[in-house]
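I have placed the structure first, in the form of structure tokens, so that the comments after it can refer back to it.
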Amino acid sequence: MKTWEELEKSCLNCTDCLLSETRTNVVFGSGDRNAKLMFIGEGPGEQEDLRGLPFVGRAGQLLDEMLAAIGMSREQVYIANIVKCRPPNNRDPLNLEQDACIGYLREQVRLIKPKIIACLGRVAAMKIIRADYKITQEHGLFEKRGDILLTATYHPAYILRDPRKKPDTFMDMCAIEDQLSLL
Ligand code: URA
């Protein structure tokens, strides 16, 4: 098993898929490496690519608000993405790209040992929870995998496009808070 330093170094130098050719920065992940709660998004957008940090654009501001709703800040959780390099024009990451990158996320999960993983949006949920995951029907539910509780809620970028999803997302965050309090 790699150390954080080894993992980060190999990720920052990765050329395993074509996204490496168009990236400005690798977005490895950020937050508390001992967090009980980990969020997984889909992939960096423009701001994230420019700054090398996850969820620092408009969607990231909303994620901060979602966390504040349960009395938490991004420093208290770990935030990562399925793919660490920005897909051009913010398209969904291809399966090929997800498969090339998922090993880094697996190592991150192994090192962090979170108790809860919350997927942000359909793409992350389909990769982490189940390929046929239906976010509209299953968001906010929990399933156990080994020692980890898996759940998903809407992606903050999706909520920005459809604010009617906000109350559901708030409920999902409250459910996460409840589960954390039971740990
Ligand atoms: N959307 C994501 O899925 N991840 C980010 O880091 C930013 C936006």
(message) What are the pairs with Cβ atoms under 8 angstrom where one residue, in region 80-104, is closer than 16 Å to THR15 by Cα and open to solvent by 70 Å² or more (accessible area, probe 1.4 Å) and the other, located anywhere, is more than 9 Å from the ligand (Cβ to nearest atom) and at pLDDT 95 or above? Sequence gap at least six, or different chains.
(response) LEU94/PRO87; LEU96/CYS17
(message) For region 129-169, which positions are in a helix (DSSP H, G or I), open to solvent by less than 60 Å² (accessible area, probe 1.4 Å) and hydrophobic (A, V, I, L, M, F, W, C)?
(response) ILE135, ALA157, ILE159
(message) I'd like the full set of residues that are within 11 Å of the ligand (Cβ to nearest atom), over 11 Å from the mean Cα position of the chain (by Cα), in a loop (DSSP other than H, G, I, E, B) and touching a residue at least 40 places away in the same chain (Cβ under 8 Å), limited to region 29-78.
(response) GLY45
(request) Kindly provide the set of residues from region 105-115 that are of a type in the set (Val, Ile, Thr) and either more than 18 Å from ALA125 (Cβ to Cβ) or without any contact (Cβ under 8 Å) to a residue 40 or more places away in the chain (or both), ordered by number. (result) ILE112
(message) ARG110 - would you say it is assigned to a loop (DSSP other than H, G, I, E, B) and surrounded by fewer than 18 Cβ atoms within 10 Å (Cβ to Cβ)?
(response) no
(message) So for region 121-128 (the condition being open to solvent by less than 80 Å² (accessible area, probe 1.4 Å), β-branched (Val, Ile, Thr), modelled with pLDDT of 95 or more and under 27 Å from ASP49 (Cα atoms)), does at least one residue qualify?
(response) yes
(request) For PRO114, work out the one condition from (1) touching a strand residue (DSSP E or B) at 6+ places or on another chain (Cβ under 6 Å); (2) over 17 Å from VAL27 (Cα atoms); (3) within 16 Å of the ligand (Cβ to nearest atom) it doesn't fulfil. (result) (3)
(message) Considering only residues that are touching a Pro at 6+ places or on another chain (Cβ under 7 Å), open to solvent by less than 60 Å² (accessible area, probe 1.4 Å) and within 20 Å of ASP92 (Cα to Cα), which ones fall in region 1-43?
(response) LEU19, VAL27, GLY29, GLY41, GLU42, GLY43
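The values are calculated or read from the model by the stated rules, or taken from the named source; none is laboratory data. What you are looking at is a predicted structure, and each value in this text was computed from that prediction instead of being measured. As a convention, Cβ positions derive from the backbone with ideal geometry for all residues, glycine included, and neighbour counts pool all protein chains shown. Accessible surface areas use protein heavy atoms only, side chains included; no ligands, DNA or RNA. Shrake-Rupley method; radii C 1.70, N 1.55, O 1.52, S 1.80 Å.
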